[in-house]
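Bear in mind that the values in this text are calculations on the coordinates, not laboratory data. Since the model is a prediction, treat every value here as computed from it, not as a measurement. Here the Cβ positions follow ideal geometry from the backbone for every residue, glycine too, while neighbour counts run over all protein chains shown.
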Amino acid sequence: GNTSKSKIAAVIIPDEDNLQKWAATIGKGGMSYSELLEDPAVNTKFITVVNAFANTKLKSFELAAKIRLVDVALTVENDMVTPTFKKKRPCLKRHFSQMFDVMYSEIN
């Protein structure tokens, strides 16, 4: 997200198998991984589940107001992580900047 914003937007890269198993429990079984990532109902339900879990550990202002589920590998080759697999925040911010702009415009 953006530290200068009052709400949190997040990009989440869900595990394909786990997402499909979970989707089956909410009546979305049989959809492809890419269809699940784009489905607004899946996104809405996913943020509800994430925030319900996070609510036990975080304060209300730390909960995500908007999320996007994406299928992007974080690899050394695409410059998203270091050789020791630490996330490269500036590269991630650059890669997802347009997505964050859209999410923040939808929040406000």
*Some residue of segment 45-59 being on the phi < 0 side of the Ramachandran plot, charged (D, E, K, R) and surrounded by 11 or more Cβ atoms within 10 Å (Cβ to Cβ)*: yes
*Name every residue in segment 1-23 that is assigned to a helix (DSSP H, G or I), out of contact with any helix residue (DSSP H, G or I) (no Cβ under 6 Å at 6 or more places or on another chain) and not hydrophobic (A, V, I, L, M, F, W, C), in order of residue number.*
D17, N18, Q20, K21
